[in-house]
Every structure is written in C-alpha cells, then in structure tokens.
Amino acid sequence: MTSLKANEILKNKFWIIEDKDTKEKVGTLSKDTDNRYMYSCKDGSWFYDSKNTVERDLGSILWSKGSISDKSSPSKEIYELPTSTNPYNAMFDLKRKFALFTKSKKSKSLYCAGYFCIHFEKGWVKSFCPKLVTLEKYEHKGPFKTELEMRAELSNVNRR
C-alpha cells in the first residue's frame with residue numbers, strides 16, 4: 001500500500017491527500033459538521049466515522065499541520081498601489097499617473113496597478129489592474145488604492 005500525506009488546507013476541516021513519495025495528489029479528505037470524514041478520489045467517495053477508520057482503509061497517513069494561507073506571499077503592490085499578481089518591469093507613467101507593470105519578465109503587455117472605474121458602451125464597470133490599452137481606449141476614473149474608494153467613485157458616476 002502507498003504511504004500517504006495529508007496536507008491540511010483548512011484547520012481540522014479539509015486536507016489534500018498526496019502520495020508521500022511522488023508528491024502526486026491522490027484525493028481530498030473533508031470533515032463535516034457531524035465529525036464524519038469524506039474521502040474523494042478519481043475512483044469515488046467514501047465516508048468514515050473517525051481518523052482511525054480513514055487510516056485503517058487507506059493505510060498510514062502523515063498528517064501535516066498548517067494551511068496554504070499561512071504562507072506569506074511577497075508584496076503584490078507597486079508605488080503603493082495593489083496588483084493582481086507579482087509585478088515585473090514596474091514603471092511609473094508621470095503624464096497619466098499610472099503605476100505600470102507586466103505579469104512576467106518577458107511580457108510586453110502593460111497593466112495598470114490599482115482599482116479603476118471604466119466607462120464601456122453599456123456603462124461604468126469596476127476593474128482591478130486593467131490593461132493599459134483598455135484605459136487608453138475608454139474613459140476611466142482612477143487609479144484607486146482600495147476597492148472601497150473605487151466603489152464610492154463608481155456609485156458617483158452611476159448617479160449621473
């Protein structure tokens with residue numbers, strides 16, 4: 001039988017089960033409000049009353065603590081404006097006051113950091129880190145540092 005590792009995603013609620021040797025995902029394990037466990041994989045789903053019954057059926061499991069969300073990620077902002085991904089090739093357009101970046105080192109597509117309101121044919125819409133070409137083509141408001149600021153401006157432009 002394969003030796004398995006349970007990577008905790010949500011504390012005491014959800015785990016990704018992987019083969020300890022190959023690191024391949026083999027299934028998921030979740031715990032419901034009745035403290036029953038459900039194991040799901042490509043072959044189907046099974047229910048268990050305890051961790052012991054899970055291990056009796058699946059074999060030895062190494063239970064790892066901590067969740068993916070515990071890992072700190074590098075800052076996703078440039079010039080104090082939030083970005084949707086880790087920014088590359090950051091630059092500031094002084095004329096238009098845009099913090100620009102690309103999503104990879106070799107990319108040529110420029111994105112604008114922050115929140116924006118963009119006026120398309122059907123009306124104003126909210127946008128987070130739109131492409132520079134979109135802002136050059138359509139009327140817009142922004143950049144805003146927070147979604148709250150952008151939503152306030154969006155409600156102002158929608159009243160007109």
How large is the dipole of the chain about the Cα centre if only Lys and Arg carry +1 and Asp and Glu carry -1, each at its Cβ, rounded to the nearest 20 debye?
-> 740 debye
Just the Cα atoms of the stretch 101-160: what Rg and Dmax do they give in Å?
-> 12.1, 42
Any chance you could run the full-extension gain for PHE120 through MET91? It's 0.36 nm times the residue separation minus the Cα-Cα distance, nm to one decimal.
-> 7.8 nm
From the C-alpha gyration tensor of the stretch 4-70, pull out the three semi-axes of the equivalent ellipsoid (sqrt of 5λ each), sorted largest to smallest, in whole Å.
-> 16, 15, 11
May I ask you to compute the full-extension gain from LYS105 to MET38, defined as 0.36 nm times their residue separation minus their alpha-carbon distance, rounded to one decimal in nm?
-> 19.9 nm
Given the convex hull of the Cα atoms of the stretch 1-122, what is a quarter of its surface area in nm²?
-> 13.1 nm²
Taking the mean number of other Cβ atoms within 10 Å as a proxy for protection, how do you rank 154-160, 16-22 from highest to lowest?
-> 16-22, 154-160
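None of the figures in this text is laboratory data; all of them are computed from the coordinates on show. It should be emphasised that the depicted structure is a prediction, and the values quoted were computed from it without experimental measurement. Every residue, glycine as well, gets a Cβ built from its backbone with ideal geometry; the counts of neighbours run over all protein chains shown.
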